[in-house]
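What follows is a short report on a single structure.
The values are calculated or read from the model by the stated rules, or taken from the named source; none is laboratory data. Being a predicted model, the structure only gives us computed values, none of them experimental. When we count neighbours, we look across all protein chains shown, and the Cβ atoms used for this are built from the backbone with ideal geometry, even at glycine.
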Amino acid sequence: MKTLRILTVDDEMLALKRLKLLLETIPYAEQVGEAGGCAEALAKIERTAPDVVLLDIRMRDGSGFDVAEALSQRPSPPAIVFVTAFDRFAVRAFETSASDYVLKPVERDRLVQALGKARERRAGADSAQRIAELQEIVRNLRATAEAEDSPRYESEFWLRNGSGFVRIVVDTIDWVSSEDEYVRLHTPAGSHLMRGSIRQLEARLDPERFVRVHRKWLVRKAAIAELRSPRMGRPVVVLQGGQKLPTGRVYARGLRETISQPG
């Protein structure tokens, strides 16, 4: 099988690391480089001429749309596989397009499927058709993003451990505690330290899924089993795993309102 030359583009180092590790498990995939932003991506595409670009949609110096739009002006653009943390980008934008996408956190089977589709399109479509398809997907993606713009929330964290990195999926985090200059992410499989404040972490997590119950504690709503309200003292959050977290005075009312909302 002919080698597929691939460039990865993401502004998060750990996301690039994950893609690199996944590509190393695919025999016909050769990673020819990686880029951490839009300008760097265009320069490396010019230099390496990849067959496929794995392209993050949202980056600090622009968006994947900008890169794809610039590529659509070239006579023979590479195939684009968009990488996104947001399913909403994909639902409508890719319905009528030959371009493909993978959702974060990227899984190997889905990546293999997307690369297979990219290979077929490069083999079966001429340059003019690929350019037209790329222009179409950029228009659709921009329209979707403008109509449904929302904050970017994390779906996973990659934290360094003694042997390398460990992946923490946000949906497995039951609660978070503050420890000086760190936060501790508590999961059923164990806990993990991460540098930063609980306020900084809270801003990176979807408020529809996490709620602050104390200045030192943040809880995933789905992990809450019970809210006990004694006659004396503050309410206590009881988690599915049995942990009991007394609420902070300023957070108690907001917590009651949050969990009383219909799901």
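Structural remarks
- Residues in the range 45-62 that are on the phi < 0 side of the Ramachandran plot and surrounded by fewer than 19 Cβ atoms within 10 Å (Cβ to Cβ): Glu46, Arg47, Thr48, Arg58, Arg60, Asp61.
- Counting only strands (runs of 3 or more DSSP E) that sit wholly inside the range 205-261, those with at least 1 residues that are in contact with a helix residue (DSSP H, G or I) (Cβ under 8 Å, 6 or more places away or on another chain) are 210-214, 217-220, 224-228, 236-239.
- Among the candidates Val166, Val183, residue that is in a strand (DSSP E or B), aliphatic (A, V, I, L, M), under 21 Å from Pro105 (Cβ atoms) and modelled with pLDDT under 85: Val166
- Number of residues in the range 229-247 that are surrounded by fewer than 13 Cβ atoms within 10 Å (Cβ to Cβ) and of a type in the set (Lys, Arg): the value is 2.
- Flag if Val250 is of a type in the set (A, V, I, L, M), exposed (fewer than 11 other Cβ atoms within 10 Å of the Cβ) and over 20 Å from Asp171 (Cβ atoms): yes
- Taking every residue in the range 230-257 that is among the charged types (D, E, K, R) and pairing it with any residue that is assigned to a loop (DSSP other than H, G, I, E, B), at least 6 positions away or on another chain, the pairs with Cβ-Cβ distances below 7 Å are Arg234/Thr247; Arg249/Arg234.
- Residue within the range 1-9 that is polar (S, T, N, Q) and within 15 Å of Tyr101 (Cβ to Cβ) present: yes
- Residues of the range 16-69 classified as aromatic (Phe, Trp, Tyr), modelled with pLDDT of 90 or more and within 17 Å of the chain's Cα centre (by Cα), total: 0
- Qualifying residues in the range 29-72 (those that are in contact (Cβ under 8 Å) with a residue 40 or more places away in the chain and in contact with a Ser or Thr (Cβ under 7 Å, 6 or more places away or on another chain)) - the one farthest from Glu156 (Cα to Cα): Leu54
- Residue that is in the same structural domain as Arg195 (by TED's automatic domain parsing) and modelled with pLDDT under 75, where the choices are Arg160, Arg142: Arg160
- For the criterion of being farther than 20 Å from Pro188 by Cα and not assigned by TED's automatic domain parsing to the domain that holds Ala85, Ala222 fails.
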